[in-house]
Amino acid sequence: MRKVLLVLLVLVLAGAFGADRFAESRAEAEIARQVAVQYRLTNEPAVSFGGFPFLTQALSGKYDSVDVAIGDYTDQGITLQDVDVRLEGLNAPLADLVNGDSSSLTADRAVASAVIPYGVVQKQLAARGVTSVSQSADGNVLAKGTYQAPIIGEVPIDLIVSLKVTAKGVAIVPEKVTAVGVQVPLAAVKDMFTYTIPIAGLPLGAKITAVSPVADGLRVTGEATNIPLDRAV
């Protein structure tokens, strides 16, 4: 008798686990589909729900966190890499997720991050004479380029630039200039090489709030609140 009960218990647990995985898989697929449609992504993002078991959260229609790994994302002709969004406090009835109805899906908060590759930054500044952009040895942003000096002519220069988040995007401002064999005043190049990369937001309505240099580019982070998932914001 005990063996029969044990077998029945195992079957019940296996069935519950299978139902849990099936429901979570359908929910992840719907979130991925919705994000891909709203942001015209070539590939659907990888979506994963935090917490276990899934059905416990599903019964309440409230999920602690959902990670959405988008990868590459292009906005205003600028391609960002490693775009990740974490949705916190996702409000989504299980029936709507399973049936593909996203009209009622909302998230309390979204936290996003991405990298603007240095190659993309250099391309934005190429018309101003910048030939390369990278992270300097001391962790700052180093831009190399040329400056047309009076009388002397074209002079190779190195610029250490600062980064600032503005309403229009990420502002790059020269803070120090050096050149071999010639003195180039900072004021002479500041206006010429100051530029704003026109990326002020990330997917799911996250407005950029911080930027910092990393090895492969400028890492931007942002957040948004009260996000509807049935339309791009």
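The values are calculated or read from the model by the stated rules, or taken from the named source; none is laboratory data. For clarity, every value in this text was computed on a predicted model and none was experimentally measured. All Cβ positions, glycine included, derive from the backbone under ideal geometry; neighbour counts span all protein chains shown.
I'd like to know if the range 149-165 contains one or more residues that are in contact with a Pro (Cβ under 6 Å, 6 or more places away or on another chain) and more than 22 Å from residue 219 (Cα to Cα). Within the range 149-165 (the criterion being in contact with a Pro (Cβ under 6 Å, 6 or more places away or on another chain) and more than 22 Å from residue 219 (Cα to Cα)), the answer is no, since none of the residues qualifies.
Within the range 160-174, the only residue that satisfies the criterion of being surrounded by 13 or more Cβ atoms within 10 Å (Cβ to Cβ) and either over 26 Å from residue 75 (Cβ atoms) or charged (D, E, K, R) (or both) is 160.
In this structure, does residue 34 turn out to be touching a Ser or Thr at 6+ places or on another chain (Cβ under 7 Å), polar (S, T, N, Q) and surrounded by 18 or more Cβ atoms within 10 Å (Cβ to Cβ)? Here the answer is yes, as residue 34 does meet what is asked. If you go through the range 140-186 and keep only what is among the small types (Gly, Ala, Ser) and at pLDDT 90 or above, you end up with 143, 145, 162, 167, 169, 171. Taken as a whole, the condition of being modelled with pLDDT of 75 or more, part of a helix (DSSP H, G or I) and of a type in the set (S, T, N, Q) does not apply to residue 57.
Does the range 117-131 contain any residue that is within 30 Å of residue 26 (Cβ to Cβ) and in contact with a Gly (Cβ under 6 Å, 6 or more places away or on another chain)? No, the range 117-131 contains no residue that is within 30 Å of residue 26 (Cβ to Cβ) and in contact with a Gly (Cβ under 6 Å, 6 or more places away or on another chain).
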